[in-house]
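The values are calculated or read from the model by the stated rules, or taken from the named source; none is laboratory data. Because the structure is predicted, anything quoted here is derived from the model rather than measured. Note that we place each Cβ from the backbone using ideal geometry, even for glycine, and neighbour counts take in every protein chain shown. With ligands, DNA and RNA removed, areas are computed over all heavy atoms of the protein, side chains included. Shrake-Rupley method; radii C 1.70, N 1.55, O 1.52, S 1.80 Å.
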Amino acid sequence: MAENFDDKELREVKSCGFFLMKSNRSFLLMKHKYRYDLPKGHMKNGENEHETALRELNEETGIQSAEIDIDPNFRFEDIYYPTYKRFGGERVKKTLVIFLAKLKSDSVQINPTEHPGFQWFDWNSPPIPIQIKTIDPLLNKVHQYISVKSVACIEK
């Protein structure tokens, strides 16, 4: 059953990060206590979306911006309405922005600092379900994007 609320009255939060892949198309997820998620985090005042995503990638994995290639043509955005403990259980309007990047070298070391671990997931086509609310729609968009890009490369 859908809830009725006016999202114009809600506090707005933005989180930015990366869908990071290796050359074999495996992708990185950070281990949380009960789930996996992307390396991402909240935007700070004065940052743009790319700056936030790069800062969070570095903070959570130790990966530097010079160690990745960012695809300039991919941007995933999703808006949803979670409740936030940091705001006393208040419902917020959260915008999630994810960019696509590839490691320049598969030998880059991951040094998780904010999470108990990480895992490289094998790319499946179509993608396997991981997290219904945010990751699965992203996986589907990445799948569509890569499929179109692969067809374009073949046709050249």
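Observations on the structure shown:
- Qualifying residue in the stretch 116-123 (condition: touching an Asp or Glu at 6+ places or on another chain (Cβ under 8 Å), open to solvent by 40 Å² or more (accessible area, probe 1.4 Å) and at pLDDT below 90): no
- Of the residues making up the stretch 124-143, those that are at pLDDT 85 or above and open to solvent by 30 Å² or more (accessible area, probe 1.4 Å) number 4.
- For Phe76, the conditions (1) over 17 Å from Ile135 (Cα atoms); (2) surrounded by 12 or more Cβ atoms within 10 Å (Cβ to Cβ) all hold with the exception of (1).
- Count - residues of the stretch 23-46 that are at negative phi and surrounded by fewer than 16 Cβ atoms within 10 Å (Cβ to Cβ): 11
- Strands (runs of 3 or more DSSP E) fully within the stretch 14-110 counting 3 or more residues that are in contact (Cβ under 8 Å) with a residue 12 or more places away in the chain and among the basic types (Lys, Arg): 90-103
- Conditions (1) open to solvent by less than 80 Å² (accessible area, probe 1.4 Å); (2) under 18 Å from Arg75 (Cβ atoms): number failed by Glu51: (1)
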